[in-house]
Amino acid sequence: MGETSRRKVLAATGAGVAAGTVGLTIGPAQASEARRTASSARESVVAYVQDHRSGTLRLMVGEREVVVHDRDLVTRILNAAGGE
């Protein structure tokens with residue numbers, strides 16, 4: 001392989017990596033702002049994550065419990081809660 005060909009391959013590879021990095025840095029488009037619906041909870045809500053690996057979220061709403069399976073939501077709640 002000639003020196004010119006190697007340079008072209010390296011340049012093309014470098015450009016592809018740079019484009020991929022820009023895509024990761026920018027990230028996905030932001031979703032529209034969440035809005036409450038008519039069926040939204042009107043009481044205090046407590047969220048309980050027992051095991052983050054399961055992606056299960058238990059919501060205590062008044063006298064009832066709602067179980068939700070949503071890994072993304074669990075991750076966002078744990079990120080919002082922070083840590084030491």
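Note down the Stokes-Einstein diffusion coefficient of the stretch 36-84 in µm²/s, whole number, using a Kirkwood radius over alpha carbon pairs, 25 °C, and 0.890 mPa s.
D = 210 µm²/s.
Report the local net charge at Arg71: Lys and Arg +1, Asp and Glu -1, summed over other residues whose C-beta lies under 14 Å from its C-beta.
So the environment of Arg71 carries a net charge of -1.
Would you kindly state how much longer the chain becomes between Asp70 and Ser39 on full extension, computed as 0.36 nm times their sequence separation minus their alpha carbon distance, in nm to one decimal?
9.2 nm
Please give the net charge around Glu43, taking every other residue with its beta carbon less than 14 angstrom from that of Glu43, where Lys and Arg add +1 and Asp and Glu add -1.
+1
Throughout, read-outs are computed from the coordinates displayed, never taken from laboratory work. Just so it is clear, the model here is predicted, and its values are computed rather than measured. Quick reminder, even Gly has a Cβ in these numbers, built from the backbone with ideal geometry, and neighbours come from all protein chains shown.
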